[in-house]
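Asks: Below is a structure I'd like to ask you about.
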Amino acid sequence: MRTRIVLAVGLAFGLCWFLSDVLQAQANELVFPGVENWDASIGSINLTRTVHSLAFDHQYLYLGEGFGTGDRHIRRWDGSQWKTIDKTDGQVLALLVDRNGNLYAGGYFTRTDTCNLCKRIARWDGFSWSALGNGITGEVLSLAKDSQGNLYAGGDFGVKRWNGTTWEDENITDTVYDLALAPNGALFAAGRGSYVDEDSGDLIEFPSLKVKNSGSWQDVGQAFTHSGPNTIFSLALYPPNIFTPTVGGDFGAPTFYLASWVGNEWQSFGTPDGPVLALAEDTCGGLYVGGMFRRIDNSSKPFLAYFDSQRWHSLGYSFTTNSEKVEVLRFRHGYLAVGGVFTQTFGSQKHRNIALWTGRDCAQITSSGTYTFYNWREPVTIQISNPGNLAEIRVQRFNKSHPEIDRGRTPNLDNGVYWQIEGTTTDGQPIRDLAYTLTLPSVGFIPDEKDKICHYLGNSNWDCAASGFDAAKKTITRSGLTSFSDFTVGNDVGPTSVSIKSIRAESRETSFSIVLLSIILAAISIVYYHRVKASRET
């Protein structure tokens with residue numbers, strides 16, 4: 001009897017530990033938000049022209065307009081309003097912000113309002129426009145800048161490089177719609193190539209992807225040469241850390257619309273039912289895909305979808321049926337900017353051609369220090385004092401009340417904003433053994449003794465502890481939390497940013513020892529049981 005008890009205790013101990021890991025993994029998995037995470041205010045401008053280009057810097061979102069009569073505009077969004085920073089006499093097809101804050105605009109224009117010499121490409125330093133030579137005569141469709149400061153322009157002229165004085169030809173004859181730079185310095189150029197058929201004399205066009213790394217241009221994947229007169233419009237080096245080319249376009253065979261270069265061959269990806277025009281990687285190992293499709297992965301996801309490395313998600317069904325396309329995507333620290341020709345409906349509001357989405361933001365934890373998420377609008381800062389085996393932090397903001405709020409049990413918890421904060425170990429498991437302080441800087445209300453920081457425990461249960469508050473600093477604080485989960489604040493109006501201070505993520509060696517001890521106890525029990533049984537039989 002004693003043997004069976006020891007055996008049962010050992011096995012139960014190990015099983016409970018295993019189940020707790022599984023349940024915590026399920027509880028901490030980031031939920032993907034719905035239509036509520038679209039910014040309802042950014043569409044206050046009623047654009048009638050196509051948005052062809054987008055770019056972020058640390059303060060603004062920029063857009064460039066295209067098809068339409070009269071002057072086109074380059075505008076910027078500061079979080080509350082749009083401002084026109086200049087007009088052009090033609091389409092603005094590419095925008096780029098460099099690490100010094102300079103904005104580059106390319107397209108098919110011959111002037112800006114303030115710069116008559118600005119032809120095809122120009123630079124804005126925050127105050128005025130300046131020309132970059134006159135060596136480009138065609139359409140500028142894409143821009144890229146490497147770590148050495150070399151600026152590349154792609155278009156119907158191939159690729160050219162600005163050396164600070166003049167434009168140098170990069171000796172590629174393709175029409176280049178997108179450029180991407182790999183960390184090793186390799187430059188990828190995606191677009192459309194052509195050759196003359198020897199028998200008919202016809203010009204045959206085909207999708208083209210080339211790469212150059214301190215040498216000549218090399219084709220990536222010959223399969224596209226048999227795909228017919230189609231084009232690669234967008235390029236991403238995805239999955240992350242592998243930097244495999246993933247491309248979108250209107251190509252048809254042997255791969256369709258979206259493909260990745262895997263194992264020296266092109267493989268279809270997601271099976272969209274229409275052309276893919278835009279790709280954007282996020283910081284969490286995911287990929288946003290936009291275009292003219294209505295379905296992807298055999299389910300309805302019109303114009304825009306998100307792939308989290310395992311499955312596809314819709315970003316809410318806000319696009320109207322008369323929308324035409326998502327043409328450009330740009331991602332920065334959890335925010336996705338979307339441009340094209342579309343209409344979104346939010347209740348009685350209608351937005352056209354420009355949209356902003358609040359997605360996920362993640363960071364790899366490599367050492368102690370301060371890490372910042374959503375570092376554009378409402379930052380989330382997390383200070384790590386002892387990372388232990390904490391390898392990654394993932395944050396998702398939701399612009400709505402938590403769905404598990406029971407207003408009868410937890411009054412005044414419905415504030416319209418909550419966060420999921422997930423930490424994972426080096427092996428991808430939910431982090432345990434935490435101790436940290438959570439601070440929510442407030443916006444729109446002054447904290448008082450009624451405010452609480454509430455930690456969701458699952459099963460409709462909330463742990464709403466009393467909080468410290470600082471009316472002068474407009475912050476509320478809670479210490480002693482020990483596991484990541486969903487957080488909100490007990491007030492009718494919620495803050496819009498988060499600060500987590502002094503995280504200590506202890507090693508799991510102690511926890512592992514408990515599991516090992518459980519296994520040893522179970523093994524000893526089994527051996528002891530069989531010895532007793534054998535002695536009785538003899």
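Asks: Need the C-alpha centroid separation for the range 275-348 versus the range 373-424, integer Å.
Replies: 24 Å
Asks: Quick one: ranking L203, L63, L143 by accessible area, 1.4 Å probe, largest first, what do you get?
Replies: So, going from the largest accessible area down, we get L203, L143, L63.
Asks: Step through the residues of the range 253-264 one at a time and calculate ³J(HN,Hα) from phi using the Karplus curve (6.51 cos²θ - 1.76 cosθ + 1.60, θ = phi - 60°), rounding each to whole Hz and writing x for Gly and Pro.
Replies: Values, residue by residue: 8, x, 10, 10, 6, 9, 8, 10, 8, 10, x, 6 Hz.
Asks: Ignoring ligands and nucleic acids, what accessible area does I242 show with a 1.4 Å probe (Å², nearest 10)?
Replies: Only protein atoms counted, so the area is about 110 Å².
Asks: Still on this structure: Over its Cα atoms, what ratio of radius of gyration to 2.2 N^0.38 Å does the range 264-344 give?
Replies: 1.04
Asks: At 0.36 nm per residue, minus the direct Cα-Cα distance, what do Q81 and Q310 gain on full extension? Give it in nm, one decimal, please.
Replies: The span from Q81 to Q310 would gain 78.7 nm if fully extended.
Asks: Which value in Å does the Kirkwood hydrodynamic radius of the range 54-112 take, with 1/r averaged over all unlike C-alpha pairs and then inverted?
Replies: Evaluated over the range 54-112, this radius sits at 11.6 Å.
Asks: Project the alpha carbons of the range 371-494 onto their principal axes and report the range along each, largest first, in whole Å.
Replies: Result for the range 371-494: principal-axis Cα extents of 39, 34, 26 Å.
Asks: Related question: Please compute the net charge surrounding D146, taking Lys and Arg as +1 and Asp and Glu as -1 over other residues with Cβ under 15 Å from its Cβ.
Replies: +2
Asks: Per residue of the range 301-314, what does 6.51 cos²θ - 1.76 cosθ + 1.60 with θ = phi - 60° give for ³J(HN,Hα)? Whole Hz please, x for Gly and Pro, Karplus curve as stated.
Replies: Rounded to whole hertz, the list is 8, x, 6, 7, 8, 10, 10, 8, 5, 10, 8, 9, 9, 8.
Asks: For K473, K210, K452, give me the order by solvent-accessible area with a 1.4 Å probe, most accessible first, ignoring ligands, DNA and RNA.
Replies: K473, K452, K210
Asks: Also, I was wondering about something else. Excluding I296 itself, calculate the net charge of residues whose Cβ lies under 13 Å from the Cβ of I296, where each Lys or Arg counts +1 and each Asp or Glu counts -1.
Replies: +2
Asks: Of the cross-linked pairs K301/K474; K325/K400; K83/K450; K160/K325; K350/K452; K210/K325, which ones have a Cα-Cα span greater than 31 Å in the structure shown?
Replies: K301/K474; K83/K450; K350/K452
Asks: Additional query: With +1 on the Cβ of every Lys and Arg and -1 on the Cβ of every Asp and Glu, and nothing else charged, how large is the dipole of the range 400-466 about its Cα centre, in debye rounded to the nearest 20?
Replies: 160 debye
Asks: Considering amide H positions built from the backbone, and no H for Pro or chain starts, which residues 5 or more places from E324, or on another chain, come under 5 Å of its amide H?
Replies: V341, F342, T343
Asks: Sticking with this one: Taking amide H positions as placed in the peptide plane 1.01 Å from N, state which residues far from F233 in sequence (5 or more) or on other chains have amide H under 5 Å from it.
Replies: Under 5 Å from the amide H of F233: G248, G249, D250.
Asks: Ordered by packing density, taken as the mean number of other Cβ atoms within 10 Å over each peptide's residues, highest first, how do 247-257, 342-352 rank?
Replies: 247-257, 342-352
Asks: Where Rh denotes the Kirkwood radius from the mean inverse Cα pair distance, what is Rg over Rh for the range 144-275?
Replies: 0.98
Asks: Expressed as a whole percentage, what fraction of the accessible surface of the range 281-339 belongs to carbon and sulfur atoms when a 1.4 Å probe is rolled over the protein heavy atoms?
Replies: C and S atoms contribute 41 percent here.
Asks: How much accessible surface area, in Å² rounded to 10, belongs to the heavy atoms of H58 with a 1.4 Å probe?
Replies: Probe radius 1.4 Å; accessible area of H58 about 130 Å².
Asks: Follow-up question, since we're still on this one. Highest first, please rank the peptides 433-441, 32-40 by the mean number of other Cβ atoms sitting within 10 Å of their residues.
Replies: Listed from highest to lowest mean packing, they are 433-441, 32-40.
Asks: Continuing with the same structure: Check which residues have an amide H placed less than 5 Å from C464's amide H, if you skip close sequence neighbours.
Replies: Distant-sequence amide H within range of C464: H455.
The values are calculated or read from the model by the stated rules, or taken from the named source; none is laboratory data. Since the structure is predicted, the reported quantities are computational estimates derived from the model, not experimental observations. All Cβ positions, glycine included, derive from the backbone under ideal geometry; neighbour counts span all protein chains shown. Ligands, DNA and RNA are excluded from the accessible area calculation, which covers all protein heavy atoms including side chains. Shrake-Rupley method; radii C 1.70, N 1.55, O 1.52, S 1.80 Å.
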